[in-house]
Amino acid sequence: MRIEPPPCQWAFPPPEAAGDDGLLALGADLEPGTLLAAYRSGAFPMPVRGVRELPWFSPDPRGVVPLAEFRPSRSLRRSARRFTVSHDTAFADVVAGCADPRRPGGWITPAMRAAYERLHALGWAHSIEVWDECGVLAGGLYGVEIGGLFAAESKFHVRPDASKVALAALVDRLRAAGGERVLDVQWTTPHLCSLGARDIPRAEYLRRLAAALATGPVF
């Protein structure tokens, strides 16, 4: 069950005000109401090393995974048979895996971990867990779902293909539900593009976001 938190006390600039690097604003906080207001407006937080105030971004273009176009490879389908998939059974463990400081380019701070765990407790943040044959957490992903928007924040793996299996399971779940849905990955990378992600203009993202927010959630 979702619990709507106290409303955001900050006013985010319109997404079109973001700079060429996607930076929209600095400051605010990580309260649940602030995070939900940001996602609903097309923005998201991303700590940057050396920047004391919290940065908020709304990049152009925006990375998404088109649900209808996602096709797991044969090798990934074979890998999936080695794992068991669940959701929302080990949210904190998935976030901890994503926040492992040994990972290159880590950006998930203790404050970010705590913020998304609060969102999870309120019913807005969700995890997909992938378990190996011994029942050990092999990988997963987490993100925020608001209506038909699923903003995928981060994924990790300790066994080959485990994070890819998590993404495929999420796509299957969202696609089966139907309706207007957006799987947001913020920025594309070569790795994400190999899994089906692509860039779309910010204006197109905002149009899809508005339609998705009017759709019922899956989780």
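Looking at Trp56, Trp10 in this structure, which one is crowded, with 19+ Cβ neighbours inside 10 Å, closer than 21 Å to Leu119 by Cα, at pLDDT 95 or above and of a type in the set (Phe, Trp, Tyr)?
From the options Trp56, Trp10, the qualifying one is Trp56.
Any idea which of Ala197, Ala152, Ala176, Ala169 is over 21 Å from Asp60 (Cβ atoms) and either β-branched (Val, Ile, Thr) or touching a residue at least 24 places away in the same chain (Cβ under 8 Å) (or both)?
Ala169
Could you grab me the full set of residues in region 94-103 that are crowded, with 16+ Cβ neighbours inside 10 Å and outside any loop (DSSP other than H, G, I, E, B)?
Val94, Val95, Gly97, Cys98
Any residue at all in region 111-131 that's surrounded by fewer than 19 Cβ atoms within 10 Å (Cβ to Cβ) and touching a Lys or Arg at 6+ places or on another chain (Cβ under 6 Å)?
Taking every residue of region 111-131 in turn, at least one turns out to be surrounded by fewer than 19 Cβ atoms within 10 Å (Cβ to Cβ) and touching a Lys or Arg at 6+ places or on another chain (Cβ under 6 Å).
Pick out, from region 42-93, the strands (runs of 3 or more DSSP E) lying fully within it that include 2 or more residues that are under 21 Å from Leu174 (Cα atoms).
62-64, 84-87
Working carefully through the options Phe44, Phe83, find the one that is surrounded by 19 or more Cβ atoms within 10 Å (Cβ to Cβ), farther than 23 Å from Ala212 by Cα and touching a residue at least 60 places away in the same chain (Cβ under 8 Å).
After applying the criteria, what remains is Phe83.
Give region 104-138 a look and list any residue that's assigned to a strand (DSSP E or B) and over 15 Å from the mean Cα position of the chain (by Cα), or say none.
Val130, Trp131, Leu137, Ala138
The values are calculated or read from the model by the stated rules, or taken from the named source; none is laboratory data. Keep in mind it's a predicted model, so treat the numbers as computed, not measured. When we count neighbours, we look across all protein chains shown, and the Cβ atoms used for this are built from the backbone with ideal geometry, even at glycine.
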